[in-house]
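Novice: First, the structure itself, so that you have it in front of you.
The values are calculated or read from the model by the stated rules, or taken from the named source; none is laboratory data. These numbers come from a predicted model, not from an experiment. Methodologically, a virtual Cβ is constructed for each residue, glycine included, from the backbone with ideal geometry; neighbour enumeration extends over all protein chains shown.
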Amino acid sequence: MTPIQLVFLFVAFATLWAAFMVVTRNNLVHAALFLVIALFGVAVLFVMLEAGFLAVIQVLVYIGAIAILMIFAVMLTRGDVDDIPDITNRYAGWVGLVAVLFFSSLVILMAQWPSFTALAKPILSSRDTIVELGTALVSPNGYVIPFEVASVMLLAALIGALVVARPRKGK
Amino acid sequence: MQIETALLIEWVVKSTILIFALLTGFAYTTFYERRLLALIQVRIGPNRTGPFGFLQPAADGLKLIFKEELIPANAYKFVFILAPILTVIPALIIMAVVPWGGAIELFGRQIALGLTDINVAILYLLSVASISVYGIVLAGWSSDNKYAMMGGLRSSAQMLSYELSLGLAFVVPILLAGSMSLNQIIEAQRGVWFIFYQPIAALVFYIAMLAEVNRAPFDMPEAEQELTAGYHTEYSGMKFSLFFMGEYMKMIAVSAIFATLFLGGYRGPFVDTYPLLGPLYLFLKVFLSLGLMIWIRATLPRLRYDRLMAFGWKILLPLSILNVFVTAVIIVVFGL
Amino acid sequence: MFGSITTDMVLAILPEIALLVLIAVVFVTDLVVDEKRRGILAWTSIIGLLITMLLTAFFAQPGAEAETLWGGMLRHDWLAYVSKLIFLFGALITTVFTLNWDSVRFKGEFYVLLLTSTLGMTLMGASADLIMLFLSIETTSIPLYVLAGFLTDDDRSTEAGFKYLLFGAMTTAVMLYGFSLLYGFAGSTGLYEISAAIGAGQIPAAALAGAAVLVLVGFGFKVAMAPLHFWAPDVYEGAPTPITAFLSTASKAAGFVVLTRVMIAAFSSVQAEWQLMLAIAAVISMTLGNLVALSQTNIKRLLAYSSIAHAGYALLGVIAASELGAASVVYYFLVYVVTNMAAFGVVIVVSRVIGSDEIADYAGLSRRSPGLALVMLLAFLSLAGIPPLGGFIAKVLVFAAAVQAEFVWLAVIGVLNAIIGLYYYLIVLKVVYLTPGKDEQKALPTPRPQAVALVVSIVLLLLMGTVFAPWYQWALNSASALF
């Protein structure tokens with residue numbers, strides 16, 4: 001086993017462990033902190049895949065913005081920080097079973113697929129990946145339409161959030 | 001990915017040097033601040049410990065280590081202990097991508113002065129800056145103290161708001177240099193520093209960076225008159241000094257980043273022939289930038305909180321968007 | 001470095017460009033016009049949508065050969081063209097129905113969100129790439145979540161918005177997981193490249209079928225087919241009625257366009273599997289929708305269950321997976337959008353005056369407003385599938401497609417369901433025409449713009465039932481673009 005594989009195993013297990021903790025903690029702030037660890041693990045996996053751009057974006061967007069907003073929301077909305085006594089309901093067992101079944105069937109199915117165990121070809125590019133990415137995002141024969149649509153969607157979401165959250169007159 | 005032993009040793013050595021430089025820098029920045037403030041306020045400042053008071057930081061450190069550590073009874077202990085650590089780590093790692101000089105020849109190896117040069121350096125800086133808010137929020141939340149909570153919330157809202165302007169100010173050097181690597185940005189300032197091309201971006205950057213590190217006039221989270229000491233009200237001893245350390249190291253780090261983006265980084269006269277001059281030039285620029293920060297603290301009163309947010313969202317952000325837009329158009333139209 | 005933009009490419013997104021300009025115009029108008037004169041916002045949207053429709057109809061018509069443009073993101077074909085016209089029509093009529101409704105009439109954000117959602121739908125109709133598809137579905141859905149909960153003072157509307165959001169977010173996540181599996185298998189996000197890669201590779205059929213299930217969850221939510229229909233009655237009841245009309249017509253049609261295109265283009269190699277899944281969904285949708293509709297006392301809930309049942313009928317066309325099947329789906333939605341718009345139009349006008357959506361309160365409507373009662377009669381009969389209305393032809397085509405594809409049993413279940421459906425549509429009409437009401441002497445006026453919209457819908461409905469050829473030609477053209 002190479003050192004890189006060891007690192008991968010460690011990171012992968014840490015990520016999964018943190019993700020498991022996210023859904024099992026009774027305390028919302030703790031859950032949010034574990035979420036941060038899980039997201040960070042994913043960022044490390046991106047680094048190991050030599051996708052530096054995705055890694056820093058993962059940290060910047062998910063850890064630096066989304067997770068912090070979650071923690072904010074928890075802190076602002078919950079008056080007391082007491083633990084929620086019980087986070088499961090009577091379907092928890094069934095849901096767990098479905099998740100396990102789904103995962104194992106996915107693994108079994110994937111195992112039959114020859115490309116699953118094949119090594120991917122390394123991306124050989126003489127150009128800077130960031131330049132490639134930037135060009136692809138704005139090129140008419142690339143992703144310019146999704147890129148622009150995303151901006152329209154985000155604007156609509158922004159307006160929508162304002163509509164929902166704006167204080168009403170007389171309240 | 002094959003990592004050779006020599007490279008590994010090189011990295012360890014460089015990291016150690018960097019951390020020691022930051023720690024010493026932290027200690028002497030506090031001294032620098034006290035002496036400069038005293039000078040501006042026509043006082044003398046600390047001058048008793050050692051020659052010219054040079055041992056003052058060591059004395060302060062010793063004092064803090066021997067202080068009693070208090071943890072409030074209702075605090076969330078784990079998070080309470082974690083928070084100061086989370087504050088210091090970003091301040092330590094953010095400098096990893098900032099180059100201190102060109103390359104030198106040592107033991108038959110070409111050694112770059114600088115920990116690493118990655119192609120997404122600027123995004124790295126932004127992402128580390130964005131996680132530095134965790135320490136403050138969590139400190140405020142876990143203390144079980146309303147002043148601390150208010151301070152934590154204020155500072156995180158402030159940091160999130162100013163991060164946008166900061167990010168947009170980062171875009172301008174990227175546009176001018178055509179790269180996100182800090183080495184290439186420095187290389188692009190071989191002729192003229194970017195501060196002369198882009199005074200507005202530099203100004204926006206400097207203001208946003210003051211807000212990022214919670215320095216006066218944006219030191220809202222620790223506004224003594226309203227919030228006692230803000231998010232670190234309940235901290236004492238070494239934990240308090242970690243916050244202190246975090247703040248001063250962040251000051252040094254952002255000054256170094258400012259120097260790199262707008263003041264030509266380690267570049268200066270004769271640096272190509274004598275690469276060891278690089279760190280010296282960088283030190284001088286950081287020193288001046290820190291001096292300016294302290295001067296601002298001595299001169300300007302603290303902003304009111306709502307004014308601070310209004311300023312960030314209604315003035316700074318539109319200004320930086322406009323600046324990026326105009327710069328991009330000029331670059332495209334004139335094909336620079 | 002960048003490839004150039006050709007006239008064809010611009011024409012293909014002409015409706016989207018026009019909508020975007022319109023959104024900007026409404027947005028700025030809202031900003032500069034003072035509060036009392038904001039009534040012009042609705043009219044701006046109406047005129048803008050009319051212009052967009054005309055521009056689309058005359059300039060964005062595709063050639064005989066389907067083209068894939070913008071780097072494989074968008075498809076410029078007849079299916080996209082016809083569906084864009086359907087969505088624009090739906091948005092136009094919806095906007096007309098908001099005209100006398102003071103709680104939204106002066107709010108620019110309402111129209112901006114509505115138009116953004118329409119923009120998303122037009123892109124859904126043309127998407128030929130998973131990334132594009134996902135973004136356009138979100139662009140459609142996110143404004144709709146807000147619009148469903150737009151009346152923040154009304155608890156039912158808030159509840160509707162929130163339920164819609166939670167259900168939508170969940171199903172979208174599942175769908176996205178399916179997309180990621182598809183991308184993993186095929187190594188490409190283009191629908192047509194995926195189809196080719198699946199044909200060439202040795203991907204286990206079961207894995208593909210699994211991905212198909214996940215993708216179908218997302219689409220099933222958008223078209224409100226069973227077993228993903230739970231949101232529909234509550235959301236339809238709570239949302240502002242024009243938005244309910246929009247949800248049940250344009251949004252559902254958009255879901256069906258995507259469903260048809262993706263299933264036929266990308267999943268052709270596991271056709272038998274997804275046909276079976278959809279057949280089960282169709283049976284449940286039809287039966288459950290019709291049976292539960294029988295016991296409804298609220299007209300909006302009744303129409304919600306009716307719309308679930310109609311999703312079931314339309315699914316028969318998709319299941320057929322033939323040219324006739326696809327054409328029948330397109331025809332079904334041409335008719336269904338017009339019919340449901342008319343039905344909801346009556347509900348909107350009536351509830352503005354009587355302030356209730358209970359079926360019992362519709363008693364004596366034929367004496368209070370014979371015109372509205374007639375519109376309701378025609379719309380409901382068309383929903384039930386009575387000749388010579390459009391609904392009849394649509395149902396015949398769908399059943400014919402099912403029979404042709406050897407799904408006779410499905411067609412039989414469909415016909416049986418249509419009979420159950422007829423029963424509850426007639427019950428409502430009985431209340432409207434025969435039951436004596438309280439305020440029979442008081443006339444129930446229809447404002448002029450709404451009257452025009454209703455008349456246009458009814459005329460179209462009659463045309464689709466009688467002058468059958470041109471509409472069917474559109475449907476056939478659209479279907480041939482898929483094969």
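Novice: Mind telling me which of the residues B:TYR134, B:TYR162 ends up being within 9 Å of chain A (Cβ to nearest Cβ), closer than 18 Å to A:ILE68 by Cβ and assigned to a helix (DSSP H, G or I)?
Specialist: Only one candidate qualifies: B:TYR134.
Novice: Answer yes or no as to whether C:VAL25 is outside any loop (DSSP other than H, G, I, E, B) and within 30 Å of C:LEU99 (Cα to Cα).
Specialist: The answer is yes for C:VAL25.
Novice: Can I ask one more? Among the residues of the stretch C:428-439, is any part of a loop (DSSP other than H, G, I, E, B), surrounded by 14 or more Cβ atoms within 10 Å (Cβ to Cβ) and of a type in the set (D, E, K, R)?
Specialist: Yes, because at least one residue in the stretch C:428-439 is part of a loop (DSSP other than H, G, I, E, B), surrounded by 14 or more Cβ atoms within 10 Å (Cβ to Cβ) and of a type in the set (D, E, K, R).
Novice: Is it true that B:GLY25 is farther than 24 Å from B:LYS239 by Cβ and surrounded by 15 or more Cβ atoms within 10 Å (Cβ to Cβ)?
Specialist: Taking the combined requirement at face value, the residue does not satisfy it.
Novice: Checking C:PRO388 against (1) modelled with pLDDT of 90 or more; (2) more than 15 Å from C:SER328 (Cα to Cα): exactly one of these is not met. Which one?
Specialist: (1)
Novice: A follow-up question, please. Return the total of residues in the stretch B:257-304 being in a loop (DSSP other than H, G, I, E, B) and closer than 21 Å to B:THR24 by Cα.
Specialist: Adding up the residues that qualify gives 3.
Novice: May I ask you to verify whether B:ARG34 is modelled with pLDDT under 85 and closer than 30 Å to B:GLY140 by Cβ?
Specialist: Criteria met by B:ARG34.
Novice: Same structure, new question: Here's a check for you: in the stretch B:54-65, which residue that is out of contact with any Ser or Thr (no Cβ under 7 Å at 6 or more places or on another chain) and touching a residue at least 60 places away in the same chain (Cβ under 8 Å) is nearest to B:ALA253 (Cα to Cα)?
Specialist: Only one residue fits best here, namely B:GLY61.
Novice: Also: Name the helices (runs of 4 or more DSSP H) wholly inside the stretch C:69-156 in which the number of residues that are more than 10 Å from every other protein chain (Cβ to nearest Cβ) and surrounded by fewer than 24 Cβ atoms within 10 Å (Cβ to Cβ) is 2 or more.
Specialist: Output list reads C:78-97, C:102-105.
Novice: Looking at (1) surrounded by fewer than 24 Cβ atoms within 10 Å (Cβ to Cβ); (2) without any contact (Cβ under 8 Å) to a residue 40 or more places away in the chain, which is the only condition B:GLY167 fails?
Specialist: (2)
Novice: Which of the residues belonging to the stretch A:150-160 are closer than 15 Å to C:LYS107 by Cβ and either loosely packed, with under 12 Cβ neighbours inside 10 Å or more than 8 Å from chain C (Cβ to nearest Cβ) (or both)?
Specialist: Result: no residue meets the conditions.
Residue-wise test of (1) under 30 Å from B:SER179 (Cα atoms); (2) in a loop (DSSP other than H, G, I, E, B); (3) β-branched (Val, Ile, Thr).
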{"site": "A:LEU39", "(1), (2), (3)": "yes, no, no"}
{"site": "A:VAL56", "(1), (2), (3)": "yes, no, yes"}
{"site": "A:ALA67", "(1), (2), (3)": "yes, no, no"}
{"site": "A:VAL95", "(1), (2), (3)": "no, no, yes"}
{"site": "A:VAL100", "(1), (2), (3)": "no, no, yes"}
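Novice: Another one. Which numbered condition trips up B:ALA216, out of (1) under 23 Å from B:MET293 (Cβ atoms); (2) assigned to a loop (DSSP other than H, G, I, E, B); (3) within 12 Å of another protein chain (Cβ to nearest Cβ)?
Specialist: Against the list (1) under 23 Å from B:MET293 (Cβ atoms); (2) assigned to a loop (DSSP other than H, G, I, E, B); (3) within 12 Å of another protein chain (Cβ to nearest Cβ), B:ALA216 comes up short only on (3).
Novice: Quickly run through the stretch C:175-216 and pick out the residues that are out of contact with any Phe, Trp or Tyr (no Cβ under 8 Å at 6 or more places or on another chain), modelled with pLDDT of 90 or more and crowded, with 19+ Cβ neighbours inside 10 Å.
Specialist: Passing the criteria: only C:GLY178.
Novice: When you check B:ILE81 against the structure, is it at pLDDT 85 or above and under 16 Å from B:LEU242 (Cα atoms), yes or no?
Specialist: Criteria not met by B:ILE81.
Novice: Determine whether the stretch B:35-53 contains at least one residue that is touching a residue at least 60 places away in the same chain (Cβ under 8 Å) and among the hydroxyl-bearing types (Ser, Thr, Tyr).
Specialist: The answer is no, given that none of the residues of the stretch B:35-53 is touching a residue at least 60 places away in the same chain (Cβ under 8 Å) and among the hydroxyl-bearing types (Ser, Thr, Tyr).
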